[in-house]
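The values are calculated or read from the model by the stated rules, or taken from the named source; none is laboratory data. Everything numeric in this text was worked out from a predicted model, so none of it was measured. Cβ coordinates were reconstructed from backbone atoms using ideal geometry, including for glycine residues, and neighbour counts include every protein chain displayed.
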Amino acid sequence: MLEGIYSPAQASYGPIPGRVLFSVIPLLGAACFSYIIGKRIVPLLRGAADSRLDHAAIRLMRVLRFWLGQWKQPRYWVAGVLHIVIFAGFLVLAARSASLVMLGVSEHWVLPGISGTLGHWYGIAKDYAATLVFLAVVIAAIRRLVFRPARYAVPARYGRSHTAEAILVLALIAILMISESLFEASQAAFQQPLPLLSLAWIFRNALSSTPPRLLVNFHAGAYLVHELTFFAFLCFLPLGKHFHVVTSLFNVYFAKLDREALKPVKWGISDAQLEQVKSFGVTAFEDFTWKHMLDFYSCADCGRCSDQCPANSVGRPLSPRFITIKARDYAFQHYPMFGSVSNGTLLIGSIYSADEIWSCTTCGACEEECPLLVEYIDKIVDLRRGMVDGGNVPQTLQKPLKALESRGNPYGKMEKKRADWTKARDFQTSCTVSILDGKNGAETLYFVDSITSYDDRIQGIGRATAKILDHVGENFAILGAAEKDSGHDVRRFGEEMLFIALRDHNVDAIKASGVQRIVTADPHAYHALKHDYRDVPPVEHISQVIAREIKTGKLALNKVEDDSKVYTYHDPCYLGRHNRIYDDPRDVLDAIPGLERVEMGRSRDRSFCCGGGGLMLFYEPKEDQRMGVARVRMAAEAGANVIVTACPFCMVNIEDGIKVAGLEGKMTAIDLAELAAQHITCDGPKAICGQECVRV
Ligand code: SF4
Ligand code: SF4
């Protein structure tokens, strides 16, 4: 050992030899940690099955990206950078922590592989890592206590503030860094250099005139403090929100790979077997899958999901962060460290309210933001399945659901009127839309869906879509009365059996038609056909078709005549976030000469939901303002006076938002297909359609 200083194993702590003390502390710490983890695993063992063992290589790549690479952290750059520094510091210091534990029992211990030159460089790296972690922890504590970012606040209805726990953990980390650096500094005071300006270097200089005897005590004391804090910290982690330090690696590894596909009612149960399933969805905590329970444990309580959640923004009774926190609190309370388990409590009416669960538009903003890949939509849909199964459906949704069952559309309109939108006089003279009725065939199916078929205003989007397809020479037709609602939102409202009936009907009709591809102007239908249906031809959204045909030269758009118009594009959730189609609609706008386009502060993968589509139009949530109104105000703030979108439901919500915000006459909304159809020019490629150009 070094001259003048004892290793912890050789030191004495009163009557207790260091070697004995530092054998007992790790053993007790490890036993305590194992006991707590054992208790925490119990609910996971009782949870529902979840298939997450496939595609190991892809999962490992995602661990490298999202866990090791901390990919999503910089989306909130101050908190993100602080987290990356602490995380990277922990990784560097992990080897040092293991070495320190071993030094307590063996004075000659050197971590295998870290000696000689490598050990020298590792020593420098870990001294700077401890310094940076300490600084990051101090800044994080100041942010929490002084600047108090709004997203960390806990509204009264969700319980008490979580600041005390956050500060306690920051304090424990700071103690670990200080004690490790003091241990190093007191040893280095006898003989070795330290990295300039590191915490250990500062301590060594501060201790430069300390008598050797006192330095020995500092050395031994720093080690004891580090050892006790280390194991206290380890055992504290699974007791609160910092459990993510332990679980995040596993949570990222087992995270959902095909985020777009909704979870089946039960893993391993086919649609044909669903008739035999006794109960659908989640009603009690144990109905959640083990992975969803792991999500609850892994949430870091960073508040990013709720910060981005449109429902939370407009004052609906939903905050995704608390969907998780309340479930975790439930698990901790009902699966206690000591005493017996109490399970089976119905979640709706105890920790969740029905309104809370119906308030979600399934926009996906929460999942997009979460750095730990916590899933929300599947859980919310599972909770809705449980409510639907128990007959707990909001009054306003009962009529449209019945109409969907009997007529295949939520308005209760006649099937034979489904193609009436094609009969508008001005339109019919310029564009003929065939119906796939067995006599007429076509290469492309234009899947219209319910709102475009029946809503007077939205039918214009249908006509514009048909006009574009016609103009670019697409051999297309519609299903007419043989088409039923895509069922996209029926499924997300938890009515799985009704969805299956609608889907099977449409799949049979599509197969019988013999089409080779599908086009739709409705992102909800697009998503359903692409991800919820099986065995149907490839599907495209009309924005993709327009962008492509502009590039091929089949479609040219003429210039904007009114130069007072400033356009902004609103990304529909089911086109953008859920299907990553961000550029095609923007390319279309940019292909219109003279069009001035601005971006809203929240766009692309941070787009703000308009209020939701499908059955959301029939749901009347409690809220302070409509999402559509909030979105229209964002467009006004960006300096736009025309909002372009590419979804029929966005159109309804945004036009409604313009009226409610009192911006009629100052702001307008238009669908991308309508805008493109208005700007079709026949100067260039008119030979393709061979028809006279008219405005639709
Ligand atoms: S999906 Fe959208 S509305 Fe639902 S909880 Fe997430 S962010 Fe909120
Ligand atoms: S779910 Fe994710 S984004 Fe939301 S608070 Fe937890 S860690 Fe943060």
Within the group GLU496, GLU415, GLU483, which residue is modelled with pLDDT of 95 or more, over 28 Å from ALA261 (Cβ atoms), charged (D, E, K, R) and in contact with an Asp or Glu (Cβ under 9 Å, 6 or more places away or on another chain)?
GLU415
Considering each of HIS524, HIS578 in turn, give the residue that is in contact (Cβ under 8 Å) with a residue 12 or more places away in the chain, crowded, with 24+ Cβ neighbours inside 10 Å and under 26 Å from the mean Cα position of the chain (by Cα).
HIS524
Can you tell me which of GLY662, GLY628 is without any contact (Cβ under 8 Å) to a residue 40 or more places away in the chain and in a loop (DSSP other than H, G, I, E, B)?
GLY662
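Evaluate the stretch 502-517: report whether one residue or more is within 27 Å of ASN392 (Cα to Cα) and crowded, with 22+ Cβ neighbours inside 10 Å.
Yes, the stretch 502-517 contains a residue that is within 27 Å of ASN392 (Cα to Cα) and crowded, with 22+ Cβ neighbours inside 10 Å.
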Need the failing condition index for PHE90 against (1) under 30 Å from LEU215 (Cα atoms); (2) in contact with a Phe, Trp or Tyr (Cβ under 9 Å, 6 or more places away or on another chain), just the number.
(2)
List, please: which pairs have Cβ atoms under 7 Å, are six or more places apart or on different chains, and start with a residue in the stretch 469-488 that is touching a residue at least 40 places away in the same chain (Cβ under 8 Å) and end with one that is charged (D, E, K, R) and not in a loop (DSSP other than H, G, I, E, B)?
VAL472/GLU549; ALA481/GLU415; ALA481/LYS416; GLY487/ARG503; HIS488/ASP532
Can ARG385 be described as within 10 Å of ligand 1 (Cβ to nearest atom), of a type outside the set (S, T, N, Q) and in contact with a Gly (Cβ under 7 Å, 6 or more places away or on another chain)?
no
Within the stretch 297-309, count every residue that is in a helix (DSSP H, G or I) and within 9 Å of ligand 2 (Cβ to nearest atom).
6
Search the stretch 349-371 for residues that are under 20 Å from VAL490 (Cβ atoms) and among the hydroxyl-bearing types (Ser, Thr, Tyr) and pair each with any residue that is at pLDDT 95 or above and within 11 Å of ligand 1 (Cβ to nearest atom) when their beta-carbon atoms are under 6 Å apart and the residues are at least 6 apart or on different chains.
SER359/ALA311; SER359/ARG316; SER359/LEU318; THR361/CYS609; THR362/ILE377; THR362/ARG492
Kindly establish whether ILE643 is within 30 Å of THR429 (Cα to Cα) and modelled with pLDDT of 95 or more.
yes
Any idea which residue in the stretch 327-346 is farthest from ligand 2 (Cβ to nearest atom), counting only those that are of a type in the set (S, T, N, Q) and in a loop (DSSP other than H, G, I, E, B)?
SER340
Since LEU194 meets every condition but one in (1) in contact (Cβ under 8 Å) with a residue 12 or more places away in the chain; (2) crowded, with 16+ Cβ neighbours inside 10 Å; (3) out of contact with any Asp or Glu (no Cβ under 8 Å at 6 or more places or on another chain), which condition does it not meet?
(3)
Does the stretch 563-577 contain at least one residue that is on the phi < 0 side of the Ramachandran plot and within 16 Å of ligand 2 (Cβ to nearest atom)?
yes
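Mind checking whether some residue in the stretch 418-431 is within 16 Å of ligand 1 (Cβ to nearest atom), at pLDDT 95 or above and either within 30 Å of PHE87 (Cβ to Cβ) or aliphatic (A, V, I, L, M) (or both)? Give the derivation first.
In the first step, residues of the stretch 418-431 are kept if they are within 16 Å of ligand 1 (Cβ to nearest atom); the result is none.
No - not one qualifying residue is present in the stretch 418-431.
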Options THR131, THR163; residue that is of a type in the set (Val, Ile, Thr), surrounded by 14 or more Cβ atoms within 10 Å (Cβ to Cβ) and within 21 Å of ASP307 (Cα to Cα):
THR163
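Where in the stretch 357-453 are there helices (runs of 4 or more DSSP H), lying fully within it, with 1 or more residues that are hydrophobic (A, V, I, L, M, F, W, C) and under 30 Å from GLN73 (Cα atoms)? First the steps, then the outcome.
Numbers: elements: 365-369, 377-389, 395-407, 425-430.
Per the criteria, 365-369, 377-389.
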Residues of the stretch 253-303 being out of contact with any Asp or Glu (no Cβ under 6 Å at 6 or more places or on another chain) and among the small types (Gly, Ala, Ser), in sequence order, are ALA255, ALA261, GLY268, SER270, ALA272, ALA284, SER298, ALA300, GLY303
Exactly one condition in (1) farther than 19 Å from LYS266 by Cβ; (2) within 16 Å of ligand 2 (Cβ to nearest atom); (3) assigned to a loop (DSSP other than H, G, I, E, B) is false for THR324; which is it?
(3)
Within the stretch 43-81, track down each residue that is among the small types (Gly, Ala, Ser) and out of contact with any Phe, Trp or Tyr (no Cβ under 6 Å at 6 or more places or on another chain).
ALA48, ALA56, ALA57, GLY69, ALA79, GLY80
Of the residues in the stretch 302-357, those that are over 20 Å from SER161 (Cα atoms), away from ligand 1 (no atom under 13 Å from the Cβ) and β-branched (Val, Ile, Thr) come to VAL341, THR345, ILE348
